[in-house]
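Just so it is clear, none of the values below were taken in a lab; they were calculated from the coordinates. Worth saying up front: this structure is predicted, and the values here are computed from it rather than measured. Heads up, the Cβs are rebuilt from the backbone with ideal geometry, glycines too, and the neighbour counts pull from every protein chain shown.
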Amino acid sequence: MSDERRHSPAAARNRQPILEVLQAVLPAHARVLEVASGSGEHAVHFAGAMPGWTWQPSDPSPQACRSIEAWRSHSGLANLLPPLALDVTAHCPAGPVDGVVAINLLHIAPWAVGEALLDGAERCLPAGGVLFLYGPFKREGWHTAQSNAAFDADLRQRDPRFGIRDLETVVEAAAARGLGLERTVEMPANNLSLVFRRA
C-alpha cells in the first residue's frame, strides 16, 4: 500500500514557531478549524503537541485530503479529526469553534477566498474566538523583503488573482466582520502571524 503522506519543507520549518503563537492565543482546551490544511503536517504537529485541542483539518483538494488522512492514520492521534473537503467560497465552515487557522493561504488564492474565509470566521467564531492567519504580507503597500517581492511577482505570473496581500486591506476587511487585530508577530523568513479576535 502506497504512503500518501505529502511533505512540505516549509511546514517542517515553520510549524514550531507557529505552534508557539497558537499556544499563546488559544486556550489549552479548544476546538480548532484549520482551513486549507495542505499536506496535513501542521495539523499533526499541533494536535500532537496540544492534546486538549480538537483539531479539524480541511482542504478543497482531494489529494490534500488523502495526505491529511494518511498523516492522521499514521499518527494515531485521537484529537485529530478526519479532514473535511471544504471550499470556503462554497460552504460555511463548521462551527462553533474556538479558533480558525489559515496558514499560507491568502497569497495563493484569489482575494475572494480571503473574503470568504473572513465571512466564515465571522459566522463560526463566538465572542472571544480567534482567527489566526500566517504568511507574507505587504505593509503600507510595500514588501518587507526583496525575496517577498520576487515571490509576489512569481505568484502573479502564475495567476493574476494571486499575490501577497496588503496587511491593512486584510485588517480592514476583518474589522468589518467584527474581527479585531489583537497582535502581529514577526515570524521567520519574512512572514507574519496575525491574530484576530471576535468582538
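Remarks
- Full-stretch length increase - ALA90, LEU192 - with 0.36 nm per residue and alpha-carbon distance subtracted: 34.0 nm
- Distance (nanometres) between label positions extended 7 Å along Cα→Cβ at GLN63 and THR169: 2.7 nm
- A convex hull fitted around the alpha carbon atoms of region 15-131 yields 91 Å³ per residue.
- Region 9-94: chymotrypsin sites (Phe, Trp or Tyr not before Pro) in DSSP loop, at most 10 other beta carbons within 10 Å: none
- Sites ALA150 and ASP3 - FRET efficiency at Förster radius 30 Å, r taken between beta-carbons, to 0.05: 0.35
- For the chain, the Cβ-based charge dipole about the Cα centre amounts to some 180 debye (Lys, Arg positive; Asp, Glu negative; other atoms uncharged).
- When you restrict to C-alpha pairs under 8 Å that are six or more residues apart and normalise by the size of region 1-66, the relative contact order lands at 37 percent.
- Values of log10 I(q)/I(0) for the chain across q = 0.12, 0.18 Å⁻¹ run -0.56, -1.33, by the Debye formula with one identical scatterer at each alpha carbon and no solvent.
- Net charge of neighbours whose Cβ lies under 9 Å from the Cβ of GLY178, counting Lys and Arg as +1 and Asp and Glu as -1: +1
- The simple spin-label model puts a point 7 Å past each Cα toward its Cβ; for ASP119 and GLN23 those points are separated by 3.7 nm.
- Here the calculated FRET efficiency for TRP142 and ILE108, from their Cβ-Cβ distance with R0 = 25 Å, stands at 0.75, rounded to the nearest 0.05.
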